[in-house]
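Notes for the one structure printed next.
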Amino acid sequence: MQYITDVREAKEIDRMTIQEIGIPSMVLMEKAALAVAGCVKSNAAPESHVLAVCGMGNNGGDGVAAARMLWEDGYPVTVSLIGNEENASEEMKKQLDIARKLGIHICTGLPSGEYDVILDALFGIGLSREVTGEFADAINWINEQDALRFAVDVPSGVNASTGEILAVAVVADFTITFGTNKRGIVLFPGCNYAGNVVVADIGFPKKVVEKVLPRTYTLTREDAMEMMPPRILRSNKGSYGKVLVIAGSPEISGACYLSAAAAYRMGCGLVKVFTAAENGPVIKNLLPEALVKTYDSELDYTQSLNRFDITKSLQEEIKWATCIVIGPGIGTAEPAGIMLDEVLKEKNKAVVIDADGLNVLAKKETYFVKREDGTRKICLPENVVLTPHLQEMTRLTRFELPVIRAKIVEQALLSLESANCQTLVLKDARTVVTDGGEVYINTIGNNALSTGGTGDVLSGMIAGLLAQGMRPTKAAVLGVCLHGLAAEEYVRRKGGRYSMMAGDLLDMLQEILPK
Ligand SMILES: NC(=O)C1=CN([C@@H]2O[C@H](COP(=O)(O)OP(=O)(O)OC[C@H]3O[C@@H](n4cnc5c(N)ncnc54)[C@H](O)[C@@H]3O)[C@@H](O)[C@H]2O)[C@@H](O)CC1
Ligand SMILES: [K+]
């Protein structure tokens with residue numbers, strides 16, 4: 001597991017390390033500078049002309065110190081100062097003093113020469129407002145140069161908490177970030193500016209990081225493998241749970257197949273599909289391993305007798321199941337609403353609501369708390385997992401899509417009534433999973449996933465893990481991570497991102513899951 005900090009958490013780690021533990025700020029700065037210089041030496045030619053563009057905060061101090069280390073190693077170095085030196089931080093003043101005593105070339109404002117390497121040390125986590133004036137000019141100038149760009153801590157101009165661009169930002173080839181990865185360079189659009197990210201250990205004590213306990217984290221492939229539910233030697237199909245997939249409609253059968261097949265591929269014991277009668281033969285043919293139960297989609301479900309029948313039939317299946325998926329391809333017609341209400345009466349078994357299940361949910365006011373501005377919090381118990389993409393999220397919460405897109409972590413948290421309620425899987429290029437407590441940001445996967453049906457596969461995968469006894473949030477995090485790994489495996493094996501279809505993920509699960 002890798003922690004990802006926002007600005008508040010990163011500043012708190014700095015503060016505690018310096019003030020409470022007593023490691024001097026200059027010591028941290030020297031280590032940060034060593035990491036920057038090391039990254040330059042590993043990636044740029046030995047004769048490279050280096051320019052360090054430095055602001056007046058401690059990010060600038062890192063830049064001056066890194067420039068000095070490269071100068072000591074024989075690189076031709078210039079330091080360019082942007083901003084009023086009178087306002088420089090104490091550490092920045094000390095670094096400038098050292099550099100001047102050594103005779104390193106320092107200029108005020110942007111130089112006229114050409115450089116092979118630029119260190120971007122204008123702003124780090126101290127950036128607090130839109131970039132304008134000479135700072136914006138400096139960033140634009142840096143981006144215009146034909147040079148390798150190394151960003152110190154974060155590319156200047158990127159909001160290190162949200163990934164938003166504060167007017168303009170450096171487009172880096174490398175970002176050397178200190179202690180922990182930063183949310184703003186993991187999330188879009190900030191991650192597009194960061195290039196290759198190196199997380200450098202500069203000596204923040206583990207104890208301090210764990211005390212601050214950053215809210216967000218991400219997983220590696222190894223973490224995911226360790227989280228997999230165990231396979232027991234003496235087991236049978238009853239050992240790994242039963243998934244009920246309530247999905248499909250007369251027009252759509254594929255979604256239901258993909259979800260059900262994914263649940264099986266994750267290792268659950270049995271899958272039963274509850275679907276419209278038109279789908280029965282299709283599912284039996286595509287997935288003979290699944291049990292199938294159907295309802296008559298042509299009946300008038302405003303009639304209480306028909307409502308009674310479908311509810312009764314569904315109640316039996318819910319009783320049978322260990323966990324439930326509702327939504328893939330289910331449509332928004334009357335039966336979907338009746339079935340969703342029935343499923344939501346279940347408080348002890350895990351329930352995944354996906355796709356049209358979410359659109360039907362969005363119309364049911366009883367599951368929401370309205371705010372004065374018209375936006376809503378979702379109020380469901382902790383056995384429920386919701387898997388909206390951004391468009392579905394706007395229907396659920398009534399927040400505008402650009403607002404959700406700009407602050408995806410904050411929006412995920414805002415949509416929850418309180419901690420320990422439903423788990424939210426907010427799907428995007430960086431999917432966020434949270435139950436109001438910790439926040440998982442998925443960094444695994446690729447744009448091969450941007451194709452129809454991959455969401456259906458994800459809902460089935462999460463259900464497959466739930467059936468094996470995983471807690472809802474854990475199952476959602478692991479499901480999202482494995483889904484991304486399957487897409488990466490496809491691209492690795494097939495060599496391209498264009499041709500993948502959702503069904504290919506099912507095959508890739510066989511390749512990535514533990515043997
Ligand atoms: N001792 C520490 O606290 C350490 C800090 N480190 C470095 O220090 C950085 C944080 O340093 P600071 O807190 O000094 O902050 P920064 O160096 O990121 O920038 C802060 C300065 O920029 C100004 N500023 C903010 N937004 C601006 C804008 N839009 N236009 C113009 N000026 C703006 C602020 O008023 C302040 O003077 C980290 O990102 C990291 O690079 C590292 O050296 C590790 C140790
Ligand atoms: K920077």
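The values are calculated or read from the model by the stated rules, or taken from the named source; none is laboratory data. Owing to the predicted nature of the structure, the values given are computational and were not obtained by experimental measurement. Reconstructed Cβ throughout: ideal geometry from the backbone, glycine too, with neighbour counts over all protein chains shown. These accessible areas exclude ligands, DNA and RNA; they are computed on the full protein's heavy atoms, side chains included. Shrake-Rupley method; radii C 1.70, N 1.55, O 1.52, S 1.80 Å.
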So for the stretch 307-454, using the alpha carbon gyration tensor with a ≥ b ≥ c as root eigenvalues (a/c under 1.5 gives rounded; past that, a/b versus b/c decides prolate or oblate), I'd call it prolate
Expected unfolding gain across Glu90-Glu20 under the 0.36 nm per residue rule, minus the alpha-carbon gap, is 23.3 nm
For the stretch 353-428, shape from the Cα gyration tensor axes a ≥ b ≥ c, cut at a/c of 1.5 then a/b versus b/c, turns out rounded
For the chain, the longest principal axis of the Cα atoms and the Cα long axis of helix 472-494 enclose an angle in degrees, to the nearest 10, of 70
Sparse-neighbourhood loop hits (trypsin sites (Lys or Arg not before Pro), the stretch 192-285; DSSP loop; Cβ within 10 Å at most 15 others) -> Arg231, Arg234
Using the Kirkwood formula on alpha carbons, the hydrodynamic radius of the stretch 2-214 in angstrom works out to 16.7
Counting only DSSP loop positions in the stretch 277-327, the GluC sites (Glu not before Pro) whose Cβ has at most 14 other Cβ atoms within 10 Å are Glu289, Glu298
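Once the Cβ-Cβ distance between Thr132 and Glu47 is put in as r, and R0 is 35 Å, what FRET efficiency do you end up with, to the nearest 0.05?
So the FRET efficiency works out to roughly 0.45.
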For the stretch 408-468, the Kirkwood Rh over every pair of distinct alpha carbons, in Å, works out to 12.6
The whole-number value in µm²/s of the Stokes-Einstein translational diffusion coefficient for the chain, with Rh from the Kirkwood sum over alpha carbon pairs at 20 °C and 1.002 mPa s, is 86
For the stretch 2-214 the mean separation of alpha carbon contacts under 8 Å (6+ apart) over residue count, i.e. relative contact order in percent, is 23
If the label point sits 7 Å along Cα→Cβ of Asp146, residues of the stretch 42-69 with amide N under 15 Å come out as 49
Simple SL model, points at 7 angstrom along Cα→Cβ for Glu222 and Ile98; separation in nm is 3.3
Of the listed pairs Lys242/Lys345; Lys370/Lys407; Lys41/Lys94; Lys206/Lys494, those with alpha carbons more than 30 Å apart are Lys206/Lys494
Any chymotrypsin sites (Phe, Trp or Tyr not before Pro) in the stretch 409-515 that lie in a DSSP loop and have at most 13 other Cβ atoms within 10 Å would be Tyr498
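Quick one: compute the contact order of the chain, relative version, from alpha carbon pairs under 8 angstrom and 6+ residues apart, as a percent.
Once divided by the residue count of the chain, the mean separation gives 12 percent.
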Reduced to Cα centres, the span from the stretch 433-509 to the stretch 189-217 in Å works out to 24
Using a 1.4 Å probe on heavy atoms of the protein chains only, the accessible area for Leu506 in Å², nearest 10, reads 10
Rounded to the nearest 10 Å², the accessible area of Tyr3 using a 1.4 Å probe with every protein chain kept is 50
Subtracting the Cα-Cα distance of Lys237 and Lys206 from 0.36 nm times their residue separation yields 6.8 nm
